[in-house]
Amino acid sequence: MSNSILVINCGSSSIKFALVPATNQSQQSLMRCSGLAENLGTPEAVLKIVNEQGDKTSIALPNADHQTALTKILDVLNNEKPIAIGHRVVHGGEKFTEAVQIDDQVIAAIRETTPLAPLHNPANLLGIEATLKLFADLPQVAVFDTAFHQTMPAQAFRYALPENLYREHSIRRYGFHGSSHAYVTHHVDELLSSNNHGWLSAHLGNGCSTCAVWQGKSLDTSMGLTPLEGLVMGTRSGTVDPSLHVHLIRTLGWSIDEVDQILNKKSGLLGLSGVSNDMRTLTELANEGHAGATLAIEVFCYRLAQSLAAMSCALPMFTGIIFTGGIGENSANIRARTMALLPHFDLYIDEDKNQKMIRGVEGRIDQGNDSGRQIWVIPTDEEGQIAQETRSVLGL
Ligand code: ADP
């Protein structure tokens, strides 16, 4: 038996996994077997694996369900049987303020939270139930995307809505990407040997959010009741006028599902550019003068800068900004454009350092000044964070 944690992120038709060995967190990403089973339940179902040496394998699993795919994953891991399993669970509502060991009560509570995450929580439960059946001897832990933000004060988490919508229907801001914001802020605190800092963390991937973290605790974040609120994302609109739904339904005769689809799947960078949700493609197109791609990047950076400025209100003291996620880690262009919109932060990018910060490199990219404020790029490690929380819950 290895000393690894199997981290599982189960979607409705996919399973992402990573076998995370017990090493120093910062080394973990260097030596992991990971992969993705996708198109589950269809003839195109396939398992793609990257081993510790970086070799890639694809295994066709026609019509495989979650359980079949998980059996195959464990089969492939062979004698690397993990000592525990950590599950990413999207929504823990107010019930879960930290990771917990999974038992029948936890499963029931995750199920009760389903109205808040109707697409995600049932998929996460599918993964949990399948692994409980297959590996009854392994302890399993649920790590919630929302839990890190349960330290937000009411002024940040309440919407200005009638009280009973909160008390009786749990309508409030929850926030997501908790594992990522927790990991990058904790990691920089470790590098600086102190957590007496106020960070603005910007997780910029296909989903995007900002978070204000003071002394290791989340005080505000840009996502809300659902992961649609806040920044412009790959295909999600981010914040729009709350009356937009009613307007589209009344004036265009759209159904609720159509509105939901448009705002979640056809908006954001894709909607603005008309061509792509991928920042690499948009950057290339913008360099060639494509008007839609140029606009998409402008709106993305403007809304990101706005959000960072707004989030700074949450912090008693401001130490600096941390960029992470596929865009945050790799796009010098987006980092530079965004910081250029925040001159009142008195915090300036060193363009040489900024250009060097790509593909998994971490470090500071500010010019350094008397205020001591900093800009960091930190590759996120959500799997490492989930594995570390799993160990800590189980005392491993
Ligand atoms: P997910 O949220 O699905 O985990 P990622 O964190 O991998 O996604 O982020 C995906 C985004 O990162 C895409 O928009 C992709 O274009 C962008 N990205 C990756 N590499 C680069 C790069 N070199 N320059 C600009 N954007 C990049």
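The values are calculated or read from the model by the stated rules, or taken from the named source; none is laboratory data. Note that this is a predicted model, so its numbers are computed, not measured. Ideal geometry is used to build each Cβ from the backbone, glycine not excepted, and the neighbour counts take in all protein chains shown. What goes into the accessible areas is simple: the full protein's heavy atoms, side chains included, and nothing from ligands, DNA or RNA. Shrake-Rupley method; radii C 1.70, N 1.55, O 1.52, S 1.80 Å.
Test Ala309 against the criterion of being within 16 Å of the ligand (Cβ to nearest atom), assigned to a helix (DSSP H, G or I) and free of Cβ contacts under 8 Å to residues at least 60 places away in the same chain, and give yes or no.
Numbers: within 16 Å of the ligand (Cβ to nearest atom): no; assigned to a helix (DSSP H, G or I): yes; free of Cβ contacts under 8 Å to residues at least 60 places away in the same chain: yes.
Here the answer is no, as Ala309 does not meet what is asked.
Inspect all residues belonging to the stretch 164-175 and state whether any of them is basic (Lys, Arg), in contact with a strand residue (DSSP E or B) (Cβ under 8 Å, 6 or more places away or on another chain) and either more than 16 Å from the ligand (Cβ to nearest atom) or part of a loop (DSSP other than H, G, I, E, B) (or both).
Narrowing the stretch 164-175 to residues basic (Lys, Arg): 167, 172-173.
After this cut, where a residue has to be in contact with a strand residue (DSSP E or B) (Cβ under 8 Å, 6 or more places away or on another chain) as well, the list is 173.
From what is left, the residues that are either more than 16 Å from the ligand (Cβ to nearest atom) or part of a loop (DSSP other than H, G, I, E, B) (or both) are 173.
Yes, there is a match, as at least one residue in the stretch 164-175 is basic (Lys, Arg), in contact with a strand residue (DSSP E or B) (Cβ under 8 Å, 6 or more places away or on another chain) and either more than 16 Å from the ligand (Cβ to nearest atom) or part of a loop (DSSP other than H, G, I, E, B) (or both).
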With the condition kept exactly as written, say whether any residue in the stretch 184-195 is farther than 25 Å from Val361 by Cα, open to solvent by 50 Å² or more (accessible area, probe 1.4 Å) and not hydrophobic (A, V, I, L, M, F, W, C).
no
For the stretch 263-285, name all the residues that are closer than 15 Å to Cys208 by Cα and part of a helix (DSSP H, G or I).
Leu263, Asn264, Lys265, Gly268, Leu269, Leu270, Met279
Would you confirm whether any residue within the stretch 369-384 is polar (S, T, N, Q) and in contact (Cβ under 8 Å) with a residue 40 or more places away in the chain?
yes
Where the second residue is within 16 Å of the ligand (Cβ to nearest atom) and among the aromatic types (Phe, Trp, Tyr) and the first is in contact (Cβ under 8 Å) with a residue 12 or more places away in the chain and lies in the stretch 195-218, which pairs have Cβ atoms under 7 Å and are six or more apart or on separate chains?
Ala202/Phe323; Leu204/Phe323; Ser209/Phe176
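Across the stretch 76-89, what is the number of residues that are under 14 Å from Lys16 (Cβ atoms) and open to solvent by 10 Å² or more (accessible area, probe 1.4 Å)? Give the steps one after another, and end with the answer.
The initial filter retains those residues of the stretch 76-89 that are under 14 Å from Lys16 (Cβ atoms), namely 85-89.
Those still in the list that are open to solvent by 10 Å² or more (accessible area, probe 1.4 Å) too: 88.
Count: 1.
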Residues of the stretch 337-372 classified as open to solvent by 40 Å² or more (accessible area, probe 1.4 Å) and not in a loop (DSSP other than H, G, I, E, B), total:
10
Checklist (1) open to solvent by 50 Å² or more (accessible area, probe 1.4 Å); (2) within 14 Å of Leu231 (Cβ to Cβ) applied to Thr324, failing item
(1)
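Counting only residues that are part of a helix (DSSP H, G or I) and of a type in the set (D, E, K, R), which one in the stretch 128-151 is nearest to Glu382 (Cα to Cα)?
We begin by selecting, within the stretch 128-151, every residue part of a helix (DSSP H, G or I); these are 128-134, 147-151.
Checking the rest, the ones that are also of a type in the set (D, E, K, R) come to 129, 133.
Details: Glu129: 22, Lys133: 25 Å.
Ranking the candidates gives Glu129 first.
Being acidic (Asp, Glu) and either open to solvent by less than 60 Å² (accessible area, probe 1.4 Å) or within 23 Å of Asp65 (Cβ to Cβ) (or both) narrows it down to one of Glu163, Glu129, Glu112, so name that one.
Working: Glu163 fails: either open to solvent by less than 60 Å² (accessible area, probe 1.4 Å) or within 23 Å of Asp65 (Cβ to Cβ) (or both); Glu112 fails: either open to solvent by less than 60 Å² (accessible area, probe 1.4 Å) or within 23 Å of Asp65 (Cβ to Cβ) (or both).
After applying the criteria, what remains is Glu129.
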